[in-house]
Amino acid sequence: MSIIDLKLPNAILKALRLPQNNLRRDQLRVLKKLLKKARFTSFGQQYRFDEILLSKHPGKKFQELVPTFNYNKIYNEWWHKTIKGQSDICWPGKIKYYALSSGTSESASKYIPITNDLLRGNKIVMIKQLLSLGKYENIPFTSIGKGWLTLGGSTELQKGPGYFAGDLSGITAKKAPFWFQPFYKPGKKIAKQKDWNKKIAEIVEKAPQWDIGFLIGVPAWIQMCVEQIVERYQLKNIHELWPNLAFFVHGGVSFEPYKKGFEKMLGKPITYIETYLASEGFIAYQDRQYAKGMRLVTNEHIFLEFVPFDDINFTADGEMIENPEALMLHEVEEGKDYALLISTTAGTWRYLIGDTVKFVDKEKSEIIITGRTKHFLSLVGEHLSVDNMNKAVQMASQKFNISIPEFTVAGIPVDNFFGHHWFVACDDKVDPKLLCNFIDECLNELNDDYAVERKSALKEIRLSVLKEDDFMNFMLSKGKVGGQHKFPRVLKGTMLNDWYQFLEKNK
């Protein structure tokens with residue numbers, strides 16, 4: 001171990017004039033960099049970025065002068081001007097690219113601005129993550145030089161009046177450096193394919209020609225693709241075809257529900273690496289083996305704030321109040337749920353990204369994603385998070401030795417009270433009643449609020465076992481395939497009605 005790898009106390013580092021382990025300093029440096037770059041934009045002028053830069057406490061001054069935004073607010077007040085071709089609105093210059101993102105609940109596409117500065121920051125973080133592989137035990141470096149199969153949405157971009165819009169993977173591929181092309185699979189031609197079924201068919205056809213070392217994508221879509229390859233070529237496992245497959249880089253959802261089913265397709269263990277790459281920026285990544293969570297990117301291109309996810313700062317529908325309490329990185333506590341606000345090099349300012357996170361190691365800035373602000377159930381105060389649901393499903397998978405790759409939960413009326421209706425994907429044989437009772441028992445252990453309400457207003461828990469194809473076909477029917485699209489863990493409103501109609505139509 002070299003001296004640069006040692007974790008020395010800040011007092012010693014200061015005495016030796018070495019860089020200190022100071023999260024607050026790192027984040028304030030990023031904030032100042034963002035403010036200086038955007039000070040002459042319309043946004044920077046209105047919210048007095050110059051005054052913030054001159055303040056003794058720029059972080060607090062920034063929070064005092066700049067309001068928080070959700071997508072609708074920042075789009076209606078600012079971003080719609082950039083789509084019309086106006087320059088220097090929230091970030092210097094003209095926005096030439098937009099990532100289309102609908103999250104997991106909204107039906108209309110969101111236009112998220114993408115700048116060269118943001119892509120450059122994302123690229124630096126990607127390189128840092130690649131370099132961090134040296135911290136993993138028994139790493140087969142030969143696999144890094146093999147093919148990287150990335151399964152995302154179509155890389156074909158829509159042409160707008162003065163801009164391009166599409167999946168972030170498409171924009172990234174368009175901007176990818178020349179040296180990346182030999183590693184990138186399935187290649188530009190297949191990646192442009194908009195028809196999902198045709199894309200998978202072409203990947204399956206080409207699979208024997210590739211030597212894949214990495215898989216990159218959302219677990220559900222990667223699993224579907226690999227299953228089809230194994231079935232097509234009558235393999236015992238995918239390693240018969242790709243012996244150098246050693247890594248799966250995944251993100252967007254908890255991998256635990258998928259792990260059991262995924263490992264059935266493998267001939268030997270592989271390393272799973274979690275990332276937090278959203279349309280708005282590369283936020284965190286797992287940088288060491290057996291890490292509790294993902295390390296936040298604190299010193300590159302994103303300034304982070306954390307709003308306690310509680311009844312004070314959020315309504316019962318998951319809407320953030322007008323002036324919420326917002327903490328900087330050095331002010332957070334481990335074990336508490338926070339909604340994430342980000343400011344980035346794409347003119348995204350104090351923006352509610354919609355995810356909730358929990359710190360599992362504050363010193364290392366390691367987080368886990370616990371859910372989304374609108375994807376939780378609290379009909380009567382049970383405060384059931386996606387993290388609770390994931391853990392209960394994982395425990396059930398182990399208990400019954402089954403694979404549950406997908407699930408979702410809906411709140412339902414039960415007489416004059418309330419209940420939860422679980423829908424789980426399981427192609428293995430299982431008794432729905434036993435599974436329902438066990439998940440209910442797990443949630444009683446995991447969540448005190450849930451346990452209290454199960455004795456009062458939360459009267460009934462139902463569970464329906466469906467096929468995995470039911471979930472995949474529903475997503476296909478909504479045009480939500482590949483890339484950033486995940487099945488919502490909680491169904492509400494229009495999406496819930498569409499789900500019931502889909503099940504009725506296809507039962």
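We did not get these values from a lab; they are worked out from the coordinates using the rules stated. These figures come from a predicted structure and were not determined experimentally. Quick reminder, even Gly has a Cβ in these numbers, built from the backbone with ideal geometry, and neighbours come from all protein chains shown.
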Task: Helix-only CD estimate at 222 nm, as mean residue ellipticity for the chain, using -39500 (n - 2.57) per DSSP H run (n ≥ 4) - done: -10000 deg cm²/dmol
Task: Spatially proximal lysines relative to Lys189 (Cα-Cα < 17 Å; intrachain offsets below 8 disregarded) - done: Lys174, Lys175, Lys198, Lys199, Lys206
Open item on the list: Taking R0 as 22 Å, what FRET efficiency do you get between Asp317 and Asp448 from their Cβ-Cβ distance, rounded to the nearest 0.05?
Closed with: 0.45
Open item on the list: Quick check on the chain: what are the equivalent-ellipsoid semi-axes from the Cα gyration tensor, as sqrt(5λ), descending, whole Å?
Closed with: 35, 29, 25
Open item on the list: Order these by the 10 Å Cβ neighbour count, fewest first: Leu377, Leu65, Leu241, Leu118.
Closed with: Leu65, Leu241, Leu377, Leu118
TODO: Can you tell me which of 87-98, 39-50, 349-360 comes out highest on packing, and rank the rest after it, using the mean Cβ neighbours within 10 Å?
DONE: 349-360, 87-98, 39-50
Task: Label zone at Asn473 (point 7 Å along Cα-to-Cβ), backbone N below 15 Å, the range 406-427 - done: 425-427
Open item on the list: Compute and list, largest first, the equivalent-ellipsoid semi-axes of the range 302-361 from the alpha carbon gyration tensor, each √(5λ) rounded to a whole angstrom.
Closed with: 17, 16, 9
Open item on the list: At a 10 Å Cβ-Cβ cut-off, how would you order Trp79, Trp196, fewest neighbours first?
Closed with: Trp196, Trp79
Open item on the list: Relative contact order of the chain, please, whole-number percent, based on alpha carbon pairs below 8 angstrom and at least 6 residues apart.
Closed with: 14
